[in-house]
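Following: one structure in structure tokens, then a few remarks.
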Amino acid sequence: MTDYLPFARPSIDEETIAGVAEVLRSGWITSGPQVKAFEAALSRLCGGRAVRSFSSGTAALEVGLRLAGVGPGHEVITTPLSWVATANVVLEVGARPVFVDVDPRTRNIDLEKIEAALTPATRALIPVDLAGLPVDRDRLYSISRGKNLRVIEDAAQSFGARWRGRALGTFGDLVAFSFHANKNITTAEGGALVLPEESLIPLCEKLRLQGVARFGEDGMEVDVAGGKFNLTDVAARLGLGQLPHLQEFTDRRRELARRYFQRWDRSLECELPFEDFENSNWHMFQVVLPRHADRARFIAAMRKQGIGVGVHYPAMHLFALYRSLGWRAGQFPHAERVGRSIVTLPLFPAMTESDVSRVCAAVRKALS
Ligand SMILES: *Cc1c(COP(=O)(O)O)cnc(C)c1O
């Protein structure tokens, strides 16, 4: 029996494990020097812009919304085909998420449909780069420009991806990344927010930790209710050990994705991902199963062959919470269809070419 192949697995080297142990022995395990060093390293990857780390990508998104001034009475346009965190944070700040259907080719928000969803209450857009495939940044910012519309990029899945040669995070409005265990670079749990201006740093730091501002030797003031969203030094040290591998991980994922395209049996009538070998960081390799296939049975059949399959994601406007806010089946046919039949196949840097072949053979068997 061959080893079980999960759909995602982090690659953590021994030097990093030793470094984390050192932090654990150091006497300082929560936010401290490692967090500072991690933020400095992230800032270098983001063209020198200010970056602050968080305990999760969700926290980074929520603080991004607050820094953009989004609150009660505001609408925020986003995609229904994402991890539910994307819309939950809008509710957390007291605003209303407004969904716009996806383009079935990219599975990302259909930018052509945004204008029709704008109202006088629209305050921000949250584009999501599903599977690491970037939303068209040129068209995105041409929509927001000159309209008093802020953008909070949900780049949770697209750390290391590019748009026309520029790394995500080096340009744009607010950009949120996640370092959850399944993401391309991990701190186990964690995230980061790239700020468009240094002047936002003090408020960003207050919103991250209880609204507290310190001054002098013993001064403390609180003038806003912040969260408890700081990253630990243990997590930051893990992140510092991951960052030097970013390019190598991205390159490897791209190679494995290419292998999937080469090995895939086109007669199975699955919808393959958008074939982008320039911008995407290939966070996931996702296919939409043919209409006649039963997804639950497919997943069980793959598991029996020792292969893990993920579901990312059901269209979120159909969750009970969002239906209670008025969203209905039939409103976003592309997201609904993709959300019903999409599966995530194994893709992570430590996989081999023969693992890809094994997955392709197992898919053929599971669908026959
Ligand atoms: C992972 C993810 C998040 C949330 O990040 P966490 O670190 O898990 O809080 C938000 N949006 C998308 C699209 C994600 O994939």
* **Ranked by how many other beta carbons lie within 10 Å on average, peptides 41-47, 298-304, 266-272 from highest** => 41-47, 298-304, 266-272
* Structure fact -> Stretched fully, the stretch from residue 297 through residue 105 gains (0.36 nm per residue minus C-alpha distance, one decimal, in nm) 66.6 nm
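Just to verify a number: FRET efficiency for residue 198 and residue 365, C-beta to C-beta distance, R0 = 41 Å, to 0.05?
The formula returns an efficiency of 0.15 here.
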* **Whole-number percent relative contact order across region 1-155, with pairs defined as alpha carbons under 8 Å at least 6 apart** => 18 percent
* Structure fact -> If the chain between residue 357 and residue 225 were fully extended at 0.36 nm per residue, the gain over the current Cα-Cα distance would be 42.3 nm
* Asked: Order of 104-113, 189-198, 12-21, 77-86 by packing, highest average Cβ count within 10 Å first?
  -> 77-86, 189-198, 104-113, 12-21
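Determine the gain in length on full extension of the stretch residue 218-residue 142; use 0.36 nm per residue of separation and subtract their C-alpha separation, reporting nm with one decimal.
Working: separation 76, 0.36 × 76 = 27.36 nm, distance 4.70 nm.
Gain on stretching residue 218 to residue 142: 22.7 nm.
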* Structure fact -> So the compactness index of region 101-165, its C-alpha Rg divided by 2.2 N^0.38 Å, takes the value 1.10
* Asked: With the chain treated as a Gaussian network of Cα nodes joined by springs under 10 Å, which of 211, 241, 165 yields the largest mean-square fluctuation?
  -> 165
* In a Gaussian network model over the chain where Cα atoms closer than 10 Å are linked, find which of 253, 123, 166 has the largest mean-square fluctuation. => 166
* To do: Express the carbon and sulfur contribution to the solvent-accessible surface of the chain as a percent, rounded to the nearest whole number, probe 1.4 angstrom.
  => 52 percent
* Structure fact -> Taking the alpha-carbon centre of each part, the distance from region 300-368 to region 112-186 in Å is 23 Å
* Structure fact -> In whole angstrom, largest first, the equivalent ellipsoid semi-axes that the Cα gyration tensor gives for region 1-137 are 34, 22, 14
* Asked: Could you state the per residue volume, in Å³, of the convex hull enclosing the Cα atoms of region 14-243?
  -> 123 Å³
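Which whole-number percentage describes the relative contact order of region 154-308, with Cα contacts under 8 Å and a sequence gap of 6 or more? Intermediate values should be presented prior to the final figure.
Numbers: 186 pairs, mean separation 31.7, N = 155.
It rounds to 20 percent for region 154-308.
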* Asked: Can you give the Rg and Dmax of region 128-236 based on its C-alpha atoms, in angstrom?
  -> 16.2, 49
* Asked: If you project the alpha carbons of region 164-313 onto the principal axes, what extent comes out on each, in Å, largest first?
  -> 69, 35, 28
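Calculate the FRET efficiency for residue 115 and residue 329 from the Cβ-Cβ distance with a Förster distance of 35 Å, rounded to the nearest 0.05.
E(calc), rounded to 0.05, equals 0.90.
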* residue 114: net charge of surrounding residues, Cβ under 13 Å, Lys/Arg +1, Asp/Glu -1, itself excluded? -> -3
* Which whole-number value in Å² is the accessible area per residue of region 14-243, probe 1.4 Å? -> 41 Å²
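The values are calculated or read from the model by the stated rules, or taken from the named source; none is laboratory data. Source: prediction; values computed, not measured. Heads up, the Cβs are rebuilt from the backbone with ideal geometry, glycines too, and the neighbour counts pull from every protein chain shown. The protein model used for the area step is the full one, side chains on, heavy atoms only, and it has no ligands, DNA or RNA in it. Shrake-Rupley method; radii C 1.70, N 1.55, O 1.52, S 1.80 Å.
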